Amino acid sequence: MTGRCPKCGQFVYRLIYHSVDASSLTSPVTWRAITLQCPHCYTVLGAQLDPIAIKSDTVRETAAEVKRQLR
């Protein structure tokens, strides 16, 4: 099932994604995120935290903590 881009009206069969940093206005902490864009007019259709980056960061940080605990 496909939808139409609300800006250009074209059917969206795929999305273009770009990596971006996301942060709160009140915190210096940033997270890796992605934007999802229309392939025809590049309008941003959505944004979310990057699930692959979160998984990689979690595995790396967990492995480092386990290594630290085993010393």
TODO: Taking the chain as the reference, fit the longest principal axis to its C-alpha atoms, fit the long axis of helix 51-70 to the helix C-alpha atoms, and give the angle between the two in degrees, 0 to 90, nearest 10.
DONE: 0 degrees
Open item on the list: Over the range 3-70, what is the relative contact order in percent, taking alpha-carbon pairs closer than 8 angstrom and at least six residues apart?
Closed with: 23 percent
- [ ] List every residue whose amide H lies under 5 Å from the amide H of Ala47, counting only residues 5 or more places away in sequence or on a different chain, with H placed 1.01 Å from N in the peptide plane.
- [x] Leu36
Open item on the list: Counting C-alpha atoms alone, how compact is the range 3-70: give Rg to one decimal and Dmax as a whole number, in angstrom.
Closed with: 16.9, 57
Open item on the list: Per-residue counts of other Cβ atoms within 10 Å, averaged by peptide: what ranking do you get for 27-40, 46-59, highest first?
Closed with: 27-40, 46-59
- [ ] For every helix of n ≥ 4 consecutive DSSP H residues, a contribution of -39,500 (n - 2.57) applies; sum these over the chain, divide by its total residues, and give [θ] at 222 nm rounded to the nearest 500 deg cm²/dmol.
- [x] -9500 deg cm²/dmol
Task: Paramagnetic reach from Ala64 (point 7 Å along Cα→Cβ, amide N under 17 Å) across the range 1-40 - done: 29-32
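Bear in mind these aren't lab numbers, they're just calculated from the coordinates by the rules spelled out. Because the structure is predicted, anything quoted here is derived from the model rather than measured. Because the Cβ atoms are built from the backbone with ideal geometry, glycine has one as well, and the counts that use them run over all protein chains shown.
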